[in-house]
Ligand SMILES: [Mn+2]
């Protein structure tokens, strides 16, 4: 039986992804590959990465904030300075130009990105990019899990840093504070669930796990010259690739 593997924020590091998949003995025909989002920006090979991921028979992403900037560029030609100058977008745009991707193929890739949900809820797992906003329960999460980036009218999901599951960091911060011995009464409460929650978004030195918060965080900084992590979602065993 195939494994359920999940990859941290790839940030256009196609080579690192290949190395990490090889380390994990990934089988495209047997294994399912989940992603916590932020496949794009900062790194060199966005086009090649999208072609690879979209060719996989069983790829299950969620959207990260960088994927939304890329979607806006591919579908609408938007290049906000926030993205271009401080979030690695310029390198992404240059890669699309250098690769000679046609307008038609850009739209096709943008629509492929848009099909990923903001939040993915399955029998055993909850996958989202940033974290669970304070006060949210399974009710709010399920509502958002029914949306994707082609749904109109939910711009707040994409822009509100604390209350969007794409940008939130308070859930991870609370879990880390708890594991470091902080008083639970001053922290955001853990989500009431039996499922395992997987997130990216916040670069860490190594994968972080909190039993109490049902949380595993797997962005290990591939977008910042550090490691890319792939993890088995059931055993939590992981494999990493680092830049040469
Ligand atoms: Mn992010």
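Distance from the Cα centre of region 159-219 to that of region 114-137, in angstrom? Each part reduced to its Cα centre gives a spacing of 12 Å. Per-residue ellipticity at 222 nm computed for the chain from its helices equals -9500 deg cm²/dmol, with DSSP H segments shorter than 4 residues left out and the rest contributing -39,500 (n - 2.57).
Here the simple spin-label model places points 7 Å from the Cα toward Cβ, and for residue 29 and residue 81 these points are separated by 5.3 nm. Dimensions of the chain based on its C-alpha atoms, expressed as ranges along the principal axes with the largest first, amount to 54, 41, 31 Å.
Between 212, 169, 115, the GNM of the chain built on Cα springs shorter than 10 angstrom shows 212 fluctuating the most. Out of every Cα-Cα pair that region 1-102 contains, those further apart than 20 angstrom amount to 36 percent. Remark: 179, 103 ranked as 103, 179, counting other beta-carbon atoms within 10 Å and listing the fewest first.
Sorted ascending by nearby beta carbons within 10 Å, beginning with the fewest, 244, 51 become 244, 51. With a simple spin-label model that places each label point 7 Å from the Cα along the Cα-to-Cβ direction, the separation between residue 177 and residue 140 comes to 1.6 nm. Residues 216, 229, 170 in ascending order of nearby Cβ atoms (within 10 Å, fewest first): 170, 216, 229.
We did not get these values from a lab; they are worked out from the coordinates using the rules stated. Values in this document were obtained by computation on a predicted structure and should not be read as measured data. Note: ideal-geometry Cβ built from the backbone for every residue, glycine included; neighbour counts use all protein chains shown.
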